[in-house]
Amino acid sequence: MTHHKVCVTGASGFLASWLIKRLLLSGYHVVGTVRDPANEAKLAHLWNLEGAKERLHLVKAELTEEGSFNDAIMGCEGVFHTASPVLGHITNPREEILKPAVDGTLNVLRSCKKNPSLRRVVFTSSSSTVRVKDKFDPEKPVDESSWSSVEICEKYQIWYVLSKTMAEKAAWEFCNENGINLVTLLPSFLVGPRETERFKWHGRMGYVHIDDVALCHILVYEHEKAQGRYLCSSTVIDNDELVSILSSRYPTLPIPKRFEQHDRPYYEFNTTKITSLGFKFKSIQEMFDDCITSLVAQGHLSIP
Ligand SMILES: NC(=O)c1ccc[n+]([C@@H]2O[C@H](COP(=O)([O-])OP(=O)(O)OC[C@H]3O[C@@H](n4cnc5c(N)ncnc54)[C@H](OP(=O)(O)O)[C@@H]3O)[C@@H](O)[C@H]2O)c1
């Protein structure tokens, strides 16, 4: 078992919590950064993880404060940078999304540069950074060589995608200039057990089990030959097809029959780059079964 120290930014988040769970189970020492270490209710699930009391350390850090990550990152061999603003109610997108995502990533990477123990940085990007563009060849699944168009994102004010695309590009530029070993992971929509019943439907979408995303972060961190970008997605599916699967699996749940149709291009993802490292994704049924089981267990949903 490996026991070296790694840092996970945004430790209290959905993805980071699962990543920390998997890192602790693999024997790592984890330094997690949070904005508010005094918020016991928000952090209780982390302290309940196996190995947390012995090998988890939480420290305060804020993306928009220069140098804020220095202490957390110093002495770590790996840094998983997951912290980034994820959709919510916003009034000033440049300040609230773009600045923390892009400048915050550079802030984290400047701390990485000061750390002589650093082996690799894994940056959590998003599959949205490859698929927002005006030309798709429906015959050719989208792979990691594709980038979303900054111009289209700006024109239609798709702030989240813009933030992830600009942050990943900035990370590549900084790491290439400064000799930092960077690998990026591009998950599609995360599904799995979680603490709230938040769901949004976006027409045709890629889906991936949260546990697979956590495992893929560790795979691309540990694999000697991992390099570049990795799409991380199990299945791309139209929302109407998804609800049809779900309603035949859960006939007593009030699942809509159809959704408003968006004029989105047909696309598939080519995930052979990560599957060729030996990874096998869980199915759409498994991710939604785990999600629904967890919602029932936590009292958010009851199955008649
Ligand atoms: N959810 C998805 O379907 C999905 C898909 C692809 C990629 N991703 C990426 O995965 C990562 C995690 O997403 P998630 O779904 O787990 O979202 P989440 O639960 O909202 O977690 C985001 C984390 O980022 C932290 N954060 C936000 N702004 C910050 C700031 N200014 N300073 C310090 N920390 C800040 C949050 O801290 P607080 O808890 O203090 O707010 C939170 O811990 C993000 O990079 C996201 O873009 C998510």
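A short reminder: the numbers here are calculations on the coordinates, not readings from a lab. Fair warning: this is a prediction, and the values are worked out from it, not measured in the lab. In this analysis, Cβ positions are derived from the backbone assuming ideal geometry, glycine residues included, and neighbour counts consider all displayed protein chains.
Using packing as a proxy for protection, rank 281-289, 152-160, 85-93, 119-127 so that the peptide with the highest average count of other Cβ atoms within 10 Å comes first.
On the way: 281-289: 17.8, 152-160: 14.7, 85-93: 11.3, 119-127: 24.2.
Output ranking for 281-289, 152-160, 85-93, 119-127: 119-127, 281-289, 152-160, 85-93.
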ask   = With each run of n ≥ 4 DSSP H residues scored as -39500 (n - 2.57), what mean residue ellipticity at 222 nm is computed for the chain after dividing by its residue count and rounding to the nearest 500 deg cm²/dmol?
value = -10500 deg cm²/dmol
query = Which FRET efficiency value, to the nearest 0.05, is calculated for Thr275 and Phe136 with the Förster distance at 25 angstrom and r the Cβ-Cβ distance?
reply = 0.70
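Can you bin region 1-124 into rounded, prolate or oblate? Criterion: square roots of the alpha carbon gyration tensor eigenvalues sorted a ≥ b ≥ c, rounded for a/c under 1.5, prolate for a/b above b/c, oblate for the rest.
Values: a/c = 2.01, a/b = 1.28, b/c = 1.57.
Because a/c hits 1.5 or more and a/b fails to exceed b/c, region 1-124 counts as oblate.
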ask   = Quick one: of the DSSP bridges fully inside region 142-255, what percent are antiparallel, nearest 5?
value = 25
query = For region 157-304, what mean projected area does the convex hull of the alpha carbons give, in nm²?
reply = 10.5
query = If Lys and Arg each add +1 and Asp and Glu each add -1, what is the summed charge of the other residues whose beta carbon sits under 10 Å from the beta carbon of Glu286?
reply = -3
inquiry  = Just to be sure I understand: of the beta bridges DSSP finds with both ends in the chain, what percent are antiparallel, rounded to 5?
reply    = 10
Pairwise Cα inverse-distance average, inverted: Kirkwood Rh of the chain (Å) = 20.0
